[in-house]
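Any read-out appearing in this document is the output of simple, stated calculations on the displayed coordinates, not a laboratory observation. From a predicted model like this one, the values you see are computed outputs, not experimental measurements. Here the Cβ positions follow ideal geometry from the backbone for every residue, glycine too, while neighbour counts run over all protein chains shown.
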Ligand SMILES: [Ca+2]
């Protein structure tokens with residue numbers, strides 16, 4: 001049918017005008033954030049429990065800086081991570097679930113016979129017969145967020161713990177996209193000694209404190225030193241070049257070293273208070289340099305605590321995929337983009353920061369390996385619904401139970417919970433919902449089939465017991481370092497009963513694994 005003017009023409013004009021203005025509104029909302037290239041400061045504590053900070057209801061008054069930051073920030077109420085350090089860190093850096101990079105297995109697990117046995121491997125030996133660790137780390141072919149942001153013109157800095165490979169240069173932070181590095185490579189650090197037990201298989205202390213991948217000698221308490229370094233780096237930045245700073249605190253992870261002047265306090269509370277002070281110092285530096293308005297600041301935590309009492313009201317601990325192991329506090333502040341005191345119940349996983357940061361930085365999106373990340377800019381800054389409805393926490397072939405979240409449901413091994421109506425996971429509803437169990441089992445199984453082959457792990461750590469981590473740093477360590485390590489080793493337990501090990505055994509089932517964290521706390525190399 002012929003359309004005759006003038007009425008239809010007016011209608012067309014009206015319609016096109018409406019569509020255009022509507023489209024313009026949508027694109028301008030997206031464009032308001034995409035490619036705006038804010039500075040990004042991502043601060044992550046280690047093993048902090050949900051119940052510990054004041055903004056989550058603790059009445060102890062130990063976290064005034066975090067609480068004040070919470071009041072200025074947007075709070076995520078449905079934010080998740082993996083249940084242990086290394087998996088969460090690899091997922092953050094790559095935007096990919098930990099099993100895809102075999103990061104659900106930590107580097108030190110490849111020196112522990114009970115873990116190796118689960119992979120059909122045995123403890124390796126150096127040519128002279130000394131038991132040693134097989135090299136396991138985040139594959140250097142993975143694209144990290146530091147590499148993506150560096151390529152997009154950002155200055156990239158890591159202050160704190162790495163835990164994604166401690167030996168070969170390509171596995172260390174500066175081989176994975178960080179232009180500045182400060183802190184330790186391994187799973188934890190003596191806050192004063194700057195050493196950690198090699199754990200495993202050799203039992204003795206190794207030095208693990210570096211700046212730009214050179215060992216450094218420093219006095220002081222690790223949490224305070226991290227804050228001081230972060231402040232120094234922030235002070236050197238300019239408005240011309242955006243920066244990405246990843247501050248991976250070791251606090252409140254063991255060993256339970258108490259900060260100076262807080263000897264009368266409960267060690268965990270003293271360590272938390274020191275963490276809070278460090279976060280406050282970094283926030284102050286951001287303000288002092290005039291970066292507040294163009295800096296996206298995130299304060300969050302990597303995985304659950306070692307004791308269930310610290311996870312309240314949630315069940316479980318670190319190393320379990322109960323909510324207490326995987327649900328984390330997460331505060332986000334970007335003035336003009338987030339609303340102070342607002343909250344979002346949209347589902348988000350640690351991987352999602354990857355695509356979100358790439359979107360904000362205008363970094364290249366195309367890459368060889370597919371990500372599990374969603375761009376969350378619309379949810380975080382426009383109040384849109386979360387694009388995520390599923391989280392894969394663990395799959396077969398992990399030391400922990402295969403666990404999947406789908407909508408309100410979470411299947412953890414054979415247990416099914418509705419974590420929305422039953423956030424404390426008190427009622428296993430698997431028997432009443434066989435169809436849901438079957439559907440989620442099939443899904444987590446199918447995703448698990450995507451795990452790549454591990455290979456035979458031919459590279460070994462040689463020597464079996466380094467003096468300092470980093471193959472190059474260990475070639476010619478300074479005299480002060482050799483002396484310090486020898487002194488600490490002389491105070492360590494020298495003999496172990498047959499069959500006894502100083503490191504934790506591989507977990508079995510849903511809850512046995514929580515002992516892992518408690519054993520870490522006792523692995524205290526050296527006095528203050
Ligand atoms: Ca941790």
With the alpha-carbon atoms as the only input, what is the per residue convex hull volume for segment 238-292 in Å³? 85 Å³
Helical contribution to [θ] at 222 nm, DSSP H n ≥ 4, -39,500 (n - 2.57), averaged over the chain, rounded to 500: -8500 deg cm²/dmol
Spherically averaged projected area in nm², based on the convex hull that wraps the Cα atoms of the chain: 29.6 nm²
Between 0 and 90 degrees, rounded to the nearest ten: what's the tilt of helix 479-491 against the longest Cα principal axis of the chain? 70 degrees
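Using the Cα gyration tensor of segment 385-438, with a ≥ b ≥ c the square roots of its eigenvalues, what is the shape: rounded (a/c below 1.5), prolate (a/b larger than b/c) or oblate (neither)?
On the way: a/c = 1.57, a/b = 1.04, b/c = 1.52.
Here segment 385-438 falls in the oblate category.
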Stokes-Einstein diffusion coefficient of segment 224-315, Kirkwood radius over Cα pairs, 20 °C, 1.002 mPa s, in µm²/s: 143 µm²/s
Ordered by fewest other Cβ atoms within 10 Å, a rough proxy for footprinting exposure, 83, 355 read 355, 83
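When the Kirkwood hydrodynamic radius is evaluated over all pairs of different C-alpha atoms of segment 307-438, what value in angstrom, to one decimal, is obtained?
Values: mean 1/r = 0.0603 Å⁻¹.
Roughly 16.6 Å, rounded to one decimal.
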What do you get for the angle between helix 434-448 and the principal long axis of the chain? Use alpha-carbon atoms, 0 to 90 degrees, nearest ten. 70 degrees
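Per residue Cα convex hull volume for segment 362-455, in cubic angstrom? Walk me through the intermediate numbers first.
On the way: hull volume 13.2 nm³, N = 94.
Cα-based convex hull of segment 362-455, divided per residue, equals 140 Å³.
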Degrees separating the helix 7-31 axis from the principal Cα axis of the chain, which is the longest one: 20 degrees
